[in-house]
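Below you'll find the structure, written out as structure tokens, and then a few comments.
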Amino acid sequence: MTHALLAATPLWMPSAADLQRLGPLWSLAGTIVAVLFAALLVGRNYRVAGAIATLGGVFTATLCWRGITGGAVPFAGLAPEAAAPMLVVDQFSCFFIFLISVFLVLVTGMWFMGLDAGVPDEAARRRDAVEFFVLFVGSAFGMALMVSTSNLLMIILAVESASLPSYGLAGFRKKHRPAAEASLKYILFGAVTSAISVYGASLLYGQFHTLDLMKISTAIGSQGISVLTGVGLFAFLIGVAFKVSAVPFHFWCPDVFEGASIEITTWLSVASKAAGLGLMLRIMWLLSCTVQSADAMRWVAHAVAIMAAITCTVGNFSAFRQTNLKRLLAFSSIAHAGYMLMAVSIIWQPRESAAGMPHPASSAVIAYMIVYLLMNLAAFGVVAMVYWSTGRETMDAFNGLGWRNPLLGVVMATCLFSLVGLPPLGGFITKYYLLIALYDASLIWLIFVAVFNTLLSLYYYARIAYAMYFVQSDEAPVRAPAMGQFAVLMCAAAIVLSGTFYAGKLKSFSDQRSRDMYGAMQPTGLRVAERPTADSMH
Amino acid sequence: MLTIGLNHYLVLSAIVFSLGILCMVTKRNALGILIGVELVLNAANVNLVAFSRYQTGAADGHMFAVFVILLAAAEAAIGIAIFMNFYNTLQTIDVDRGDELRN
């Protein structure tokens, strides 16, 4: 049997052109190796390690930007069979890898700022910097893999290679009780969900005899969704829902965000969610890529919509009672993941009428993701600077912040009102795009849920703003690094601009990415017969 | 004479899966939960190899199973490192003792 198998499988080598197209992935993988080898050559120097990670991030971002703007990098399937690719680097994944690697650079900057601002465990940080950056870039690599694959096996490996370094990062502070506890909870949750996800993948494999999502989708189109398929699909999606921290797989999120050091919290709150949502979008999109399978996937999409609604509501309600800012922002990030999942739940709807038009769901997610990155970076940046100055992350450290450091107060207020989604800010305009997309998809009940949740969230965000301006405090002024203040100010400015003068630009940028995606995500000729292609526009 | 077929393997895998889930739910020791995870992963492996052997005749199921073994090893390695770290701070790996972070 084994001999027959080996004889039947021809020896296959990827071509140099195929390998070249995986540039962003090579670049991140190379960065990991470079950090390790640099430690071997020049010794354990934290500056060298950080500089290599930064350079790697910048280089990857440049490659991806070229992939985004350069137009035609439609598809690179690294597999013997062209119709069943293992790795996919297209416009869609280029955008998400770009986001992840830019964020990698920013968080590295934050890590260095924390050193100068005198964090408590400074000596240990310098000493373990090499391991830190290896794990850090390693998780970025896993996340980059997550958004560039359409194969069940590769999805599971990608989720794992994003998760495993993250477990280590969450518990990176040794002899620190919250960190130890956070990483324990993180790995147990992650291991359980990924095991169930693997079992689900094995059921799907047994049902459809293939690991490729496109082929599974075609089979779903002709056979419909049986009970076993449904069970397999949901079990498989649990692993992704864990990364997105969708309820009921969100329990790790607040604990990890509170226990991990603040750079890691910032990193996980944006990058891990971006990768998870990108993967979720691709899975849902590929599985509903023919008209018949879209029809069959309707029920799965409804389940995702319900999960999104519950995620939003639970996230917002749980945020009410929090006094630790990191924990509060964790619940806020769960709620935001819920909003973005709402868009994922409408991606199955076919758009035959408008050939080459971007899918509103994916462009809503992209716009949302860009502004969400800015909001979270600035909000966590302010929390970090207050922590470096006062040593506390609780709400009372923010009392009177508006007077103790006016700049940080203004930035934080901007972020908070943008997170709520109030009009002149970026958070409003992206939420508006999202609601329009939901309206087009005639999911009116989901719009009500989203608006209701926005009102709920106003309470706890406004509570922080209230503490900053209306609670008296006789504490010393908050001293913050100049570079850090400049960075968060730039983020706040970008949030304001994206909601006002550049709202149209944001829309057209995300539409463009989404249009590219719409074209790029049609790997083979499978969909062409049923649906108009985006290529007819170009 | 009974011949062993696909269904036997699937039933075996379902039993192992259920035992794994039971183990995860009932154990309070972190290592016990990790053992439950390994059981579920091995249930998936039995599925994959059986499907590959009886239905598709292709190598991808076998390949998947090899990767799952690798994944289980990586998870156990980092998991036990984290359990050690937890043990060093709390002198236990009972997950219920990790109760500092809560609402």
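The values are calculated or read from the model by the stated rules, or taken from the named source; none is laboratory data. Note that the structure is predicted; figures quoted are calculated from it, not measured. Because the Cβ atoms are built from the backbone with ideal geometry, glycine has one as well, and the counts that use them run over all protein chains shown. Ligands, DNA and RNA are excluded from the accessible area calculation, which covers all protein heavy atoms including side chains. Shrake-Rupley method; radii C 1.70, N 1.55, O 1.52, S 1.80 Å.
Give the calculated FRET efficiency between A:Lys174 and A:Ala482 to the nearest 0.05, with a Förster radius of 22 Å applied to their Cβ-Cβ distance.
0.10
Past 27 Å, Cα to Cα: identify those pairs from A:Lys326/A:Lys507; A:Lys273/B:Lys27; A:Lys243/A:Lys326; A:Lys326/A:Lys505, in the order given.
A:Lys326/A:Lys507; A:Lys273/B:Lys27; A:Lys326/A:Lys505
Give me the distance in nm between label points sitting 7 Å out from Cα along the Cα-to-Cβ direction at A:Gln292 and B:Val66, one decimal.
Here the answer is 3.5 nm between the modelled labels.
Determine the order of A:Asp116, A:Asp212 by accessible area, beginning with the largest, at a probe radius of 1.4 Å.
From most accessible down to least: A:Asp116, A:Asp212.
Between A:Val58 and A:Asp116, what FRET efficiency comes out of the Förster formula 1/(1 + (r/R0)^6) with R0 = 25 Å and r the beta carbon distance, rounded to 0.05?
Calculated transfer efficiency: 0.75.
Using a 1.4 angstrom probe on heavy atoms only, work out the carbon and sulfur share of the accessible area of the protein assembly as shown in %.
69 percent
Using only DSSP helix segments of four residues or longer, with each worth -39500 (n - 2.57), what per-residue ellipticity at 222 nm results for chain A after dividing by its residue count and rounding to 500?
Value at 222 nm, helices only: -24500 deg cm²/dmol.
Compute the helix-to-body angle for B:60-90: its Cα long axis versus the longest principal axis of chain B, expressed 0 to 90° and rounded to tens.
10 degrees
With charges only on Cβ, +1 for K and R and -1 for D and E, what is the dipole size of chain B about its Cα centre, in debye, rounded to 20?
Using Cβ point charges on Lys, Arg, Asp and Glu, chain B gives about 180 debye.
Taking 0.36 nm per intervening residue step and subtracting the Cα-Cα distance, what contour gain separates A:Arg47 from A:Glu475 on full extension?
150.7 nm
Hey, what did chain B get for relative contact order, percent, Cα under 8 Å, at least 6 apart?
26 percent
Could you please state, rounded to a whole Å, how far the C-alpha centre of the stretch A:273-346 is from the C-alpha centre of the stretch B:62-103?
27 Å
How crowded by other chains is B:39-50, given as the mean number of beta carbons from other chains within 10 Å of each beta carbon?
So the per-residue partner count for this stretch is 5.
At a probe radius of 1.4 Å, figure out the A/B buried accessible area, summed over both chains, and give it in Å² to the nearest 100.
Its buried surface, counting both partners, is about 4100 Å².
Roughly how many Å² is the accessible area per residue of the stretch A:22-537, as a whole number, for a 1.4 Å probe?
Accessible area per residue, the stretch A:22-537: 32 Å².
Per residue, how much accessible area does the stretch B:7-92 have with a 1.4 Å probe, in Å²?
For the stretch B:7-92, the solvent-accessible area averages 47 Å² per residue.
Pop a pseudo-label 7 angstrom from the Cα along the beta-carbon direction at both B:Asn88 and A:Arg392 and give the gap in nm to one decimal.
It works out to 3.1 nm between the two label points.
Of A:Val314, A:Ala361, A:His302, which is farthest towards the positive pole of the stretch A:22-537's charge dipole, taken about the Cα centre with +1 and -1 on the beta-carbons of Lys, Arg and Asp, Glu respectively?
Value: A:Val314.
If one takes the longest principal axis of the Cα atoms in chain A, at what angle in degrees, from 0 to 90 and to the nearest 10, does the Cα axis of helix A:444-470 lie?
20 degrees
By how many degrees, 0 to 90 and rounded to 10, does the Cα axis of helix A:325-344 deviate from the longest principal axis of chain A?
30 degrees
Convert each backbone phi in the stretch A:503-510 into a coupling constant with the Karplus relation 6.51 cos²θ - 1.76 cosθ + 1.60 (shift: θ = phi - 60°), then list the ³J(HN,Hα) values in order as whole Hz, x for Gly and Pro.
Once rounded to whole Hz, the list reads 4, x, 5, 4, 4, 6, 4, 5.
For chain A, count the residues as N, evaluate 2.2 N^0.38 Å, and divide the Cα radius of gyration by that value, please.
Taking the Cα Rg and dividing by 2.2 N^0.38 Å, one obtains 0.94.
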